[in-house]
Structure formats: structure tokens, C-alpha cells
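The values are calculated or read from the model by the stated rules, or taken from the named source; none is laboratory data. Computed from a predicted structure; not experimentally measured. In this analysis, Cβ positions are derived from the backbone assuming ideal geometry, glycine residues included, and neighbour counts consider all displayed protein chains.
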Amino acid sequence: MATRATRTERAAGTPTDGEVTVVIPCFNHGEFVGEAVASVLAQDGPAPSIVVVDDGSTDEATHAALEALPDEVKVLRQANAGPAAARNAGIEATDSPYLLMLDADDRLPKGALAELRAALDADPEAGYAYGVMHFFGDWSGEVRLPPYDPYRLLYRGVVGWIGLVRREAWEAAGRFDPALQGFEDWDFTLGALGAGWRGKRLDLVVLDYRKHGRSGLEQDRRRYRELYRRLRAKHAALFKQAPELARESDLGPAGRLAYRTFWAWRPVPAFLERAAYSLFFRPRGDMRPGGEQVPDTETRSMASGAFLASVARVAFVVAGGAVSILVARLLGPEGSGGFLVISSLMFTLAALGTVGLEIGVGWMLGSGRWDRQSALASTAFAALALGTVTAAIGFGVYLLAADTAFENIETGVALTALAALPPALLLTIFTQAAIATQRYEAAAAIGLATAVVYVAGVAALAVGFGLEGAVGGLLVGQVAGAAVALLWWRHGRHATGSTGLDLGRLRAAAKFGANVWFANAMVILVYRFDVFLLNAYAGASEAGYYAVAIAVSGALGVLPTALGSVLMPRLAALDSEGEQRLLRETEARALRHTMLILAVTSVLLAVALPVVIKPVFGAEFGPSVAPALILIPGSAALGLTNALYAALAGRGRPEFAFRAALITT
């Protein structure tokens, strides 16, 4: 590693005027810059120098905000060149030995500057001091990155915000690089490391990071890999020292591998990362400063909500298709038939076992009749209780039809499938609650976890344990989804509002959802009853062919069902606010889109089926083509029916869904 130049040591003490300069780049952040400056002026001890660099702002509000700043704030203006160039310009306008970079939309917590300065004074070897970041705005929560570790730093920006910097370290690192816009801090930390300067981490919140639509955090992620390649090329000499730095790290071989692969190249798509982040950082709507509860129904785009809700459903359909292929390839038609029968029993009971709670809870949350934390606490207990009761009923059904509908299904296999009911009910209700409160990323994360573990579990267990292993994979998938759902609940429990069991609202939710539940139950029973009849009287192989037909034709209902799950709470919110015109427009647009989606996908599926079934599932599944084609109209009708039921529930009229189902059945 390069030898560090000799530095002048400074005595510890309270900073004086001119010792510290805070540089605040500003581009069109007029609504925030005054707050950022005020947070600096509120620091303990003598006020630091403040330089605000207007990076070519174009809106009048920002110009006015800059003019209104206190007289002691120095304002520089330049043509737009990006935050790195603006930082450099601000630093060059001062000769302070200590520098702090603060974005115009962020804040410095009270006391942060004194803590950072004390850390540098106590450790002359440290080139910069940093700490914990706290999200506010669209997200809330604390970002506690791993301890400072040069090896980790090669592959992940483990410092985050660089905090208070010695001027000597900034000069040695080669200033902030405008060519790496968005990665200026990571580039600085690598440059400083190459010059012999290291960081000092404080276990204290030293930055309030405002998360909003224009945050750099959101935009930088989109071009991460391109910038990371440039970062590696710039600091190639430092990356050659990775083996040496690895010996200093506390990471083991597996940890180092994870950093070199996962963290370095971030293979997970950005929207999935955001879904995961939403489990840990509460989105906007939980709490305002002072503890005031914010309604859960702040409006987000219904299109984005439907997209993210459909991510979970598409993932599960893809998982179902993958499982169908795996089971077909590994177990053949007879094994596929057995898996279809027992999984149909589990999924049918899971849909029936909720007794409409997911509909009622979604409607009450969407219309503001129940706060989220109380609803989740109440429905968690209800889901586990209902799941246990439903599993017991299911076992009774199995015993009654063991010699007919469930012939060749062993008792252990049935019990494994039925054990999945409590977690299945919990994740179903929590997913709808997440959608109703516009936590779409959380809903997507729950569905993705369920789908991924489901496929992995079946793939791993079916090879060695046959049908029993495949059903075991079904169980672990439901448990994984429920675990993610509970994790989302846990990370929101510090929000205000009741977290106890509310039996009154629980009964009201069940009562409201019962009508739609009955309608859905009739559809499910009609749709699935033929599976049990086929297995009982035609044999497991024929049921296996039918399993493939159901798997492929059932894909038609994914997007309409996802749209309906978002539509219901949105209509409930509009109805409670008296926005009848907007309600009618939203409803009509959603139903038009549903019909268009179904028409297009039905045609595409009908054309593709004869071509893809044999290559994908195996030549022996050729008999699946005819029943799959026959099922397409019914599957399309089912998708439209689900959307219509959701619209009726959103309007607060679920009894019409009940009547329609009664007549149809």
C-alpha cells in the first residue's frame, strides 16, 4: 500500500470558526436546502463555516430559497456540473482543515458534528469519521453498515456517507471525481485507502438521509454495474492488494466469496432489492415527526401497485409451472397426478380457510377503518388458529375419502401438506394487508420468498424422497413466505397504534369478507372438484395430464387477480372519501384493462400450447394439450370474475358477489 505523507497532528478540542467547513451542493432542492442549513447551524459549539454551491439550479423556488439563507452562509454559483464538481468548488473556496459534505435534501442531527470531530481528534490515523445513517421521508429506519473493513470496501460501499473528512485525506484521494457521479463517496474511500488513510466508524446516527423520488440512492442503483466497473478500473492497483487486505478482514472464506460475487455485482434486480428494503425501512405513511400517525392510504400509482402485486403472483405461477415440470420429469404422470391431488387439497383448503378475512381486512385497511399494526396483530393469531382448524378438517376429509379421491396418497404425505395451512393462511392475509396499505414491495417480497423456496424445496427433496419430498417442498415454501410476512410485521411494530388483539374489528372484517369468500369458495370448489373426481375414477396418470393442463391454463388469471387485489382497497378508500366520480373512472379503467389482458393472453396461450407442452413437460404429456385448450375460456372467465368481485367488495357491496355465485353455482 502507498506510504502516507506526514500529517500535522491537531490537539483535541471544540471546533472554532473556520476549523470546519460544511459544503452543501444544491441543484433544484430549494424546498429542502433551508432545512439542511438550519441543521448545521444548530450544531453544538461555534458554528462551522457553510458554503452552499448552486449547481446550476433552474427553478425559481431554489433561487428564492438560496437568497433567503442566513447572511453567514456563503453561496457560490456555477453551471451544472454534478455534485462532485460542486463539492470540489466549495472545498476550494475554503482552507478549513476539516470538511463535511452534506446534500441539500439531508440533515445533520444535533450533536453529530462534535462527535465526528472528537473521533478524528482521538485517532490521527483516521482520514474521515462516519457513522449510522437514519432514513426519513419515504422510508424510515437506520442503516447500520458493517464495521470499517478495507477488504469489504473493495466490493461494497460499506461506509455510505463519508462524514467529516480531513482536507489532507481529500487531497491525497484525488478530490471528488465528477466522472463517477453518484459513487463519489465510495470512490473517495478507495482513493483514501490507496493513499494510506482509513475510516473511523461511530455507532451513532450522524446523518438524516431523506429518501424521496429524486434521491440519489434510487437513481444510482440503476447504473450500478457500469459505475462499479469504472471504479475497479480506476483503483486497479488497490484491487490487486485484495489478498493482503483479506488477511486483515474478519470475514471467513464464505463471507469473502459473498462480497466478491453478490455484493460486488449485485445480481438481484433493483426492484427486488427495493422490495427487500421495504421490509426493513418503513415506507411513508407510518409516522410523522412527533409520533403522529399518518393514514395508511396515501395514494401511490395503481399501475405500479398492480405491477408489484403481480410480481408475487407471476412468481408463484412461474413457481407452479416449474414445480409441475420438475414433478413431471422426476415422478412421471402418476407422481404428477398424486401431487396435483394433494396440493389441490391444500390450496383449496387455504382459500376456504381464510373465511374471507383477507377481503375484509383489505377493505377495512383501505377505507381507514382499522390501523395496520392492530390489523396484523389480530389477523396473525386468527390465521394460525384458522389454519389449525382447517388442517384438522382437511385431515377428516382425507380419512373419509382415503379409498377414493385420495387413493395412493399416504397418510404422512397428507399430514405434510395439511401442515402448510397455518403459514399459508397467514401469508395470504398479510399479503392482502400489505397491498391494502400500499406496501406493494412487501407483498412482492412475501410472494417471491414463497415461490423461490417452493421451487428450491421441491427440486431438492423430490429427487431423494419422491412424492413425499415434493410435498415437503410445498410446506417449506409456505413457511418461508409466512416468515417474511412476520418479519415485515415485526419491523413495523414500533409504529404508533394498537398492537393488541381487536376481536370486534376482526369479526367485522370476517362478516364483510364472508360474502366474497362464499363467491370465491363456490368458484374454487367447482374449479377443483373435477380433480378429485378424476383421481378417484380415472386414475393417477389421467390426473397427471390434467395437472399440466390446469398449470398452464391457470396462468391466465394471474394479472387480473393482481389488479383486483389492488383495485379493491383503492375503491374502498375512494368510497370512504366520497370521490364517486374518481371511483367510477378507476373501476371502469381497471375492468377494461382486465378484459384486454385476458383477450390477448388467451389467444397467445391457445397458439402456444400445442407447441410447448411436449418439449417442456415431456412427450408423454401430449394428452394434456386438449384439456388445456378446453380450460382456457373458463380460466379467462374466472379472471374476469375475480376482478368483478374485487370491484363489488371495494364499493362495499360484497352481497352482490354472494348472489352472483349462488346463481352461477
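Some points to look at:
- Given (1) at pLDDT 85 or above; (2) of a type outside the set (A, V, I, L, M, F, W, C); (3) on the phi < 0 side of the Ramachandran plot, number of the condition Thr499 does not satisfy: (1)
- Test: residue in the range 364-379 that is touching a Pro at 6+ places or on another chain (Cβ under 7 Å) and of a type in the set (A, V, I, L, M, F, W, C): yes
- Among the residues making up the range 313-362, those that are polar (S, T, N, Q) and within 30 Å of Gly652 (Cβ to Cβ) are Thr348, Thr354.
- The range 612-665, subset among the β-branched types (Val, Ile, Thr), modelled with pLDDT under 80 and surrounded by 14 or more Cβ atoms within 10 Å (Cβ to Cβ), residue nearest to Ala573 (Cα to Cα): Thr641
- When each of Arg77, Arg87 is tested for being basic (Lys, Arg) and part of a helix (DSSP H, G or I), the lone residue that passes is Arg87.
- Pairs with Cβ under 8 Å, 6+ apart, first in the range 175-199 and outside the structural domain of Tyr228 (by TED's automatic domain parsing) and under 18 Å from Tyr130 (Cβ atoms), second surrounded by fewer than 22 Cβ atoms within 10 Å (Cβ to Cβ) and of a type in the set (Ser, Thr, Tyr): none
- Residue within the range 204-211 that is assigned by TED's automatic domain parsing to the domain that holds Gly163, modelled with pLDDT under 85 and outside any helix (DSSP H, G or I) present: yes
- Residues in the range 39-57 that are without any contact (Cβ under 8 Å) to a residue 40 or more places away in the chain and of a type outside the set (Asp, Glu): Leu41, Pro46, Ala47, Ile50, Val53, Gly56, Ser57.
- Single unsatisfied condition, Ala599 versus (1) crowded, with 17+ Cβ neighbours inside 10 Å; (2) under 34 Å from the mean Cα position of the chain (by Cα); (3) modelled with pLDDT of 80 or more; (4) over 26 Å from Ala572 (Cβ atoms): (1)
- Of all residues making up the range 143-191, the number that are among the basic types (Lys, Arg), more than 19 Å from Phe239 (Cα to Cα) and in contact with a Pro (Cβ under 8 Å, 6 or more places away or on another chain): 2
- Criterion (of a type outside the set (A, V, I, L, M) and either surrounded by fewer than 19 Cβ atoms within 10 Å (Cβ to Cβ) or out of contact with any Asp or Glu (no Cβ under 7 Å at 6 or more places or on another chain) (or both)) met by exactly one of Asp59, Asp106: Asp59
- Selection count where residues are among the small types (Gly, Ala, Ser) and over 39 Å from the mean Cα position of the chain (by Cα), scope the range 396-419: 3
- Index of the failed condition, Ala555 passing every other in (1) at pLDDT below 85; (2) over 18 Å from Gly320 (Cα atoms); (3) in a helix (DSSP H, G or I); (4) not polar (S, T, N, Q): (2)
- Test: residue in the range 207-217 that is more than 21 Å from Ala85 (Cα to Cα) and aliphatic (A, V, I, L, M): yes
- Within the range 98-154, tally of residues that are part of a helix (DSSP H, G or I) and farther than 20 Å from Phe176 by Cα: 13
- A count restricted to the range 420-475 and to residues that are without any contact (Cβ under 8 Å) to a residue 24 or more places away in the chain and either of a type outside the set (Phe, Trp, Tyr) or within 22 Å of Gly387 (Cβ to Cβ) (or both) stands at 6.
- Being assigned to a helix (DSSP H, G or I), touching a residue at least 60 places away in the same chain (Cβ under 8 Å), closer than 22 Å to Leu108 by Cα and in the same structural domain as Ala119 (by TED's automatic domain parsing) is a property that Trp170 has.
- Flag if Trp186 is assigned to a loop (DSSP other than H, G, I, E, B) and among the hydrophobic types (A, V, I, L, M, F, W, C): no
- Residue within the range 369-392 that is assigned by TED's automatic domain parsing to the domain that holds Ile342, over 30 Å from Ser576 (Cα atoms), free of Cβ contacts under 8 Å to residues at least 12 places away in the same chain and buried (at least 19 other Cβ atoms within 10 Å of the Cβ) present: no
- Meets criteria (touching a helix residue (DSSP H, G or I) at 6+ places or on another chain (Cβ under 9 Å), assigned to a loop (DSSP other than H, G, I, E, B) and assigned by TED's automatic domain parsing to the domain that holds Lys234) for Val165: no
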